[in-house]
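Some notes on the structure that comes next.
The values are calculated or read from the model by the stated rules, or taken from the named source; none is laboratory data. Nothing here was measured: the structure is a model prediction, and the numbers come from that model. Neighbour counts run over all protein chains shown; Cβ positions are idealised from the backbone, glycine included.
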Amino acid sequence: MFSSATALRWTFGGNTATGGAATSTINGDGSISVQFTATDPAGASASDSRTVTLGTMTGNWVVTVPFCNASFSMTLSQTGGIVTGTFVMPVAFCAAVAGSTGRTDPAEPGTIDAAGNVQIRLKVGAFLDFYVRGTMDATGRTVRGGVFNSGFNGQPMTMTKQ
């Protein structure tokens, strides 16, 4: 336990804070260094640092579904844990013809939680809707999981950030 006279300093993502706990909003994705330093009243200090990988769904993603021998690009935006976006099917995919446009379901926005679990409901036209569900890996640039609904029952899917 630190005495009240001990100075506590956090440095992360270009931000600094003091005190026993610190919060900050960091935009973007990738690796950042987090450093914590405690300095006692005599000037002695100890530090520890860790590298943390941040991931965001905001950006361009390629979704690959090997079962269908198909892939398509999505442009997504993340605000908090909510994910929205649009996409174009470059090839025929299930009931969608090549060139069909789609979007995340506005009635059921996509989500990502702090553990990197992703669920996005995609709609193409009036009849095709399906979910991509998976987990973001430690790089923050890949989501692996499955496709569900509209005839899919967990067939493998990979999302890769471009």
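With respect to residue 48, is the statement that it is of a type in the set (Asp, Glu), exposed (fewer than 14 other Cβ atoms within 10 Å of the Cβ) and farther than 17 Å from residue 128 by Cα true? Taking the combined requirement at face value, the residue satisfies it.
Quick one: is residue 77 of a type in the set (S, T, N, Q), modelled with pLDDT of 85 or more and over 23 Å from the mean Cα position of the chain (by Cα)?
So residue 77 fails the test.
Only residues that are of a type in the set (Asp, Glu) and either surrounded by 15 or more Cβ atoms within 10 Å (Cβ to Cβ) or out of contact with any strand residue (DSSP E or B) (no Cβ under 8 Å at 6 or more places or on another chain) (or both): list them for the stretch 125-139, please. Selection gives 129 alone.
Listed here are the residues, each with its yes/no results for (1) at pLDDT 95 or above; (2) among the hydrophobic types (A, V, I, L, M, F, W, C).
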residue: 122; (1), (2): no, yes
residue: 125; (1), (2): no, no
residue: 135; (1), (2): yes, no
residue: 140; (1), (2): no, no
residue: 152; (1), (2): no, yes
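Scanning the stretch 21-32 for residues that are in a loop (DSSP other than H, G, I, E, B), in contact with a strand residue (DSSP E or B) (Cβ under 6 Å, 6 or more places away or on another chain) and exposed (fewer than 13 other Cβ atoms within 10 Å of the Cβ) turns up just one, 24. Within the stretch 72-79, is there a residue that is touching a Lys or Arg at 6+ places or on another chain (Cβ under 6 Å), surrounded by fewer than 18 Cβ atoms within 10 Å (Cβ to Cβ) and within 30 Å of residue 25 (Cβ to Cβ)? Taking every residue of the stretch 72-79 in turn, none turns out to be touching a Lys or Arg at 6+ places or on another chain (Cβ under 6 Å), surrounded by fewer than 18 Cβ atoms within 10 Å (Cβ to Cβ) and within 30 Å of residue 25 (Cβ to Cβ). Applying the criterion of being assigned to a strand (DSSP E or B) and aliphatic (A, V, I, L, M) to the residues of the stretch 34-59, the residue that is farthest from residue 9 (Cα to Cα) is 54.
Do we find that residue 139 is of a type in the set (S, T, N, Q) and under 30 Å from residue 36 (Cβ atoms) in this structure?
yes
For the stretch 63-77, does any single residue satisfy the condition of being more than 16 Å from residue 157 (Cβ to Cβ), out of contact with any helix residue (DSSP H, G or I) (no Cβ under 8 Å at 6 or more places or on another chain) and assigned by TED's automatic domain parsing to the domain that holds residue 152? Yes, the stretch 63-77 contains at least one residue that is more than 16 Å from residue 157 (Cβ to Cβ), out of contact with any helix residue (DSSP H, G or I) (no Cβ under 8 Å at 6 or more places or on another chain) and assigned by TED's automatic domain parsing to the domain that holds residue 152.
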